Amino acid sequence: MIDDDAAFKALADSTRRRILDLLHERNGQSLSDIEVQITRHSQMTRFGVMKHVKVLAEAGLITTERRGRNTVHYLNPMPIRLIHDRWIAKYTEAHVAALSDLKNRLESS
Amino acid sequence: MTEAVTESRLVFQIYIRATAEQVWQAITETEFRRQYFFGSTIESDLKPGSSLRSMSPEGELWSDDTVLECEPPHLLSHTWRSLWDPQAVDEPPSRVTWRVEPQEATVCKLTVTHDQLEASPVTARGVSGGWAFIISGLKSVVETGEPLATVPR
């Protein structure tokens with residue numbers, strides 16, 4: 001089972017978030033595709049990009065598929081969705097409720 | 001770039017604490033489907049070539065698709081057209097594949113792939129956020145018996 005910790009740790013890195021954005025823009029990219037776009041703006045090596053892709057795959061944030069000699073990578077938004085449902089929705093709801101309480105109090109005073 | 005990848009495919013993968021049969025029921029039976037799929041039904045005998053229809057809670061026809069492959073409780077593949085979206089309704093049908101793979105004793109991996117979307121960009125944009133919400137809801141219904149509390153519509 002993939003847990004929240006792995007997803008949070010994988011997301012706590014700007015290069016890895018950039019890789020997710022690249023796949024969100026265009027799903028199903030090979031490692032070389034990803035590498036070209038990442039190394040264009042950084043000193044990172046191919047090995048460095050590979051390590052980041054591996055962390056994302058282990059956290060379930062990307063899935064891979066063989067295509068002939070290539071492996072293509074797809075964004076899997078489910079771990080982020082689960083974090084949203086478990087962690088974010090809860091706190092933003094409370095926030096919205098507090099604001100609407102405040103609105104009601106102000107309007108009735 | 002080594003190759004121009006022009007295919008359009010969405011992939012959603014999740015682990016669910018349940019047996020393959022329980023996940024299969026949640027995918028194929030209205031009683032469960034209603035709780036996570038925007039309240040819609042599923043009506044099909046699940047035979048390849050048969051129709052697979054879905055009605056909204058108000059009884060509108062939301063989908064009228066065709067079963068492509070069915071191997072209970074592991075594989076269901078069917079065509080997809082977003083009939084509720086007037087912008088998407090004239091696009092060619094795409095394909096949705098549900099794959100249930102048992103892992104350890106009571107854990108399954110569910111992979112939903114929505115592909116053949118190359119000629120259906122409006123459909124692709126329309127469904128991408130919806131699938132994540134639906135599949136998260138399916139997990140919640142199967143694991144806890146309860147739908148998700150928040151329903152973005």
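The values are calculated or read from the model by the stated rules, or taken from the named source; none is laboratory data. Owing to the predicted nature of the structure, the values given are computational and were not obtained by experimental measurement. Counting neighbours? That spans all protein chains shown, and the Cβs are built from the backbone with ideal geometry, glycine included.
Things to note:
- Residue that is farthest from the other protein chains (Cβ to nearest Cβ), among those in segment A:1-12 that are more than 10 Å from the chain's Cα centre (by Cα) and in contact (Cβ under 8 Å) with a residue 12 or more places away in the chain: A:LYS9
- Hey, A:SER42 over 27 Å from B:ALA18 (Cβ atoms) and at the interface with chain B (Cβ under 10 Å from one of its Cβ atoms) or not: no
- Scanning segment A:20-58 for residues that are hydrophobic (A, V, I, L, M, F, W, C), closer than 30 Å to B:PRO102 by Cα and free of Cβ contacts under 8 Å to residues at least 40 places away in the same chain gives A:MET50, A:VAL53, A:ALA57.
- Odd one out for A:LYS54, checked against (1) modelled with pLDDT under 95; (2) of a type outside the set (A, V, I, L, M, F, W, C); (3) surrounded by fewer than 15 Cβ atoms within 10 Å (Cβ to Cβ): (1)
- Residues that are at pLDDT 85 or above, over 24 Å from B:LEU138 (Cα atoms) and within 12 Å of chain B (Cβ to nearest Cβ), drawn from segment A:57-104: A:GLU65, A:ARG67, A:GLY68, A:ARG69, A:ASN70, A:THR71, A:VAL72, A:HIS73
- Residue ID - nearest to B:THR41 (Cα to Cα), chosen from residues in segment B:62-97 that are modelled with pLDDT under 95 and among the aliphatic types (A, V, I, L, M): B:LEU83
- Of all residues in segment A:21-39, those that are out of contact with any strand residue (DSSP E or B) (no Cβ under 6 Å at 6 or more places or on another chain) and either of a type outside the set (Val, Ile, Thr) or at the interface with another protein chain (Cβ under 10 Å from one of its Cβ atoms) (or both) total 10.
- Qualifying residue in segment B:92-114 (condition: more than 11 Å from every other protein chain (Cβ to nearest Cβ), over 26 Å from A:ILE80 (Cβ atoms) and within 16 Å of the chain's Cα centre (by Cα)): yes
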